[in-house]
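The values are calculated or read from the model by the stated rules, or taken from the named source; none is laboratory data. This structure is a prediction, so every number in the text was calculated from the model and none was measured. Neighbour counts run over all protein chains shown; Cβ positions are idealised from the backbone, glycine included. SASA here: full protein model, heavy atoms, side chains in, ligands and nucleic acids out. Shrake-Rupley method; radii C 1.70, N 1.55, O 1.52, S 1.80 Å.
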Amino acid sequence: MENENEQQPVQEQPVKKEHHALIATLTAVLSVVLAVIIFLVMWYWADTYPDMDDFKQSVSIPGLDEGATPAGIEVFSPTTGTYSGTEYCFIAANMKDGSSRIYVTTSAGEYCGYVTLSLDGEPFEEGINGIALDNYTMWVASGTTIYVDHSSTNNSVINDIITKALENEEHLNPSAAEESDGEDGVEEPNADYTDEVATVADEPTASDVVEDIDGVIVDGEDVEAEDGTEDGQSSDDEDEEEYEFQSVEFTGSFDANCNADFIFFYYGSSNNYLYIGETRASNDSTRKAVTANGDTNYGLLYEYQENNSATYGLYNLSNSYDKDGNSVTVPKINRIFSIPANITGMARTDYGTTNEIALVQDNGYVSSTLSVYDFSSSGVTKSSGRSTYASLFGSNFSYAGVYQTAGTSFTDSLYVYPVDSASLDYTYTIPALANDLAHSNNTYGNDSIYVLFRSAASGSKALVRQATKNVYTLKIREA
């Protein structure tokens, strides 16, 4: 008989399968979390743009703390009048309430103020995509329309904008207008580019304490002033004439014959030109064109020649009519250019022996590309590289809603010139959401390009690597 007291071996309990599954799940979750952390660190802090070493920091983009989304930039120096001899930056922006503004600063950084826009005596709320100025005319791109403020008097339009901006600023900030020393519009003028990490904590909060003439606002609530009136309200308001905020009134408009996504005025040594361009994605085949060099372009850029004495400040078509046979004034397109996908702004320059065109390409929330092309007769504009509009798109160009005779559309056998790698001089990789360019022949004593960004606008800054709050300038070099 076996010994009943003999100790039996203890059998180990198997580890439950559920424990293995839990460990595997936790490991997978932790791996994902770690990957996200590494991605965010690389996305926000490890990104650099070496090409920005060639750029200089310029004016701060105004209006960002008021909800402005930058839409376009122009740089211009009045040649006559009170403001002659000073270079100004005009930055067009769209506001959250649907209105649009033109902010004015000097290129040295002194903030002047802003004006609103109006059409037929009413606030303009169609949204704007860009602004261009010359001595006699302001052109504003909006949708498929170009809105115009034109005068026959030299510099009256640009001087009017500056004057009204200064008057508005004096009304909004009387003490600041008196004490302005020209330093509040720019941080470190012409400083080198520095990385600006995007944050979402730049907006003022309700707990901010704001001093006012008659009282204070604490935690977002009005506090009664010593004289018994509420904050911001003078005891003799009823005796004061209400200030009429100054706006710029459009005098006319014309059809852009495209989506007017950006606009640029070229001030040349002999002739001056206005350029109106469209932004098209690479999946939009509406204006798709394969160039002789094998590149594929998707958008079009239209060139008009300036004529100060003509309606809209441009040369017009002859014998053009609407559908009812009434004579109409329509700006005449001089040339058309085929451009790459996602172009959001342009500038044309001519320094020294160079004649170049710069295009900025929006690559989304990662980066932008600034490309400079040879615009001379041996580059973009050489006759051997052009094609007729009809050969590319099946028929002659037709002006929208314009007729030569009753029932016959006004068509033109225009040439299309490709902007492609065959004429490319050099490129720069720059921060995300660059959305317009301007040109100055005063900064640095020679050609420079101003680059405007919209990445610091409230709807974008949390999504980009760097919220760029300043305009930057690039000194053009000879290829």
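Toward the positive end of the charge dipole of the range 279-331, with +1 on the Cβ of Lys and Arg and -1 on the Cβ of Asp and Glu, the farthest Cα among N326, N316, T279 is that of T279.
Excluding N307 itself, calculate the net charge of residues whose Cβ lies under 12 Å from the Cβ of N307, where each Lys or Arg counts +1 and each Asp or Glu counts -1. Walk me through the numbers on the way to the answer.
Working: positive: K332; negative: D134, E306.
Once positives and negatives cancel, what remains is -1.
Counting Lys and Arg as +1 and Asp and Glu as -1 over every other residue whose Cβ lies under 12 Å from the Cβ of M346, the net charge comes to -4. In whole Å, what is the distance between the alpha-carbon centres of the range 452-476 and the range 113-162? When both Cα centres are located, 24 Å separates them. Computed over protein heavy atoms with a 1.4 Å probe, the carbon and sulfur contribution to the accessible area of the range 32-168 reaches 54%. Annotation: D97 carries an accessible surface of approximately 110 Å², with a 1.4 Å probe and no ligand, DNA or RNA atoms counted.
Measuring only protein heavy atoms, the 1.4 Å probe finds T354 accessible over about 20 Å².
Take the Cα radius of gyration of the range 123-179 and divide it by 2.2 N^0.38 Å, with N its residue count; two decimals is plenty. List each step's numbers first, then the result.
Details: Rg = 14.0 Å, N = 57, 2.2 N^0.38 = 10.2 Å.
Working it through for the range 123-179, the quotient is 1.37.
By a 1.4 Å probe calculation restricted to protein chains, L392 has an accessible surface near 60 Å², given to the nearest 10. The trypsin sites (Lys or Arg not before Pro) of the range 50-106 that meet both conditions, a loop assignment by DSSP and at most 15 other Cβ atoms within 10 Å of the site Cβ, are K96.
Protein heavy-atom accessible surface, 1.4 Å probe, per residue over the range 356-414: 42 Å². The Cβ shell under 12 Å around T296 holds other residues with a net charge of 0, Lys and Arg each +1, Asp and Glu each -1.
Could you grab the Rg to Rh ratio for the range 346-478? Cα atoms only, Kirkwood for Rh. Intermediate values should be presented prior to the final figure.
Values: Rg = 18.8 Å, Rh = 17.2 Å.
Radius of gyration relative to Kirkwood radius: 1.09.
Using just the alpha carbons, could you tell me how many Å³ per residue the convex hull of the range 271-400 encloses? Before the final figure, lay out the partial values.
On the way: hull volume 19.8 nm³, N = 130.
Enclosed volume per residue, from the Cα hull, is 152 Å³.
Specify which residue in the list T349, S384, A432 is farthest towards the positive end of the charge dipole of the range 344-479, using unit charges on the beta carbon of Lys, Arg (+1) and Asp, Glu (-1), about the Cα centre. The residue sitting farthest along the positive end of the dipole is A432.
Here the mean projected area of the convex hull built on the C-alpha positions of the range 84-163 is 5.6 nm².
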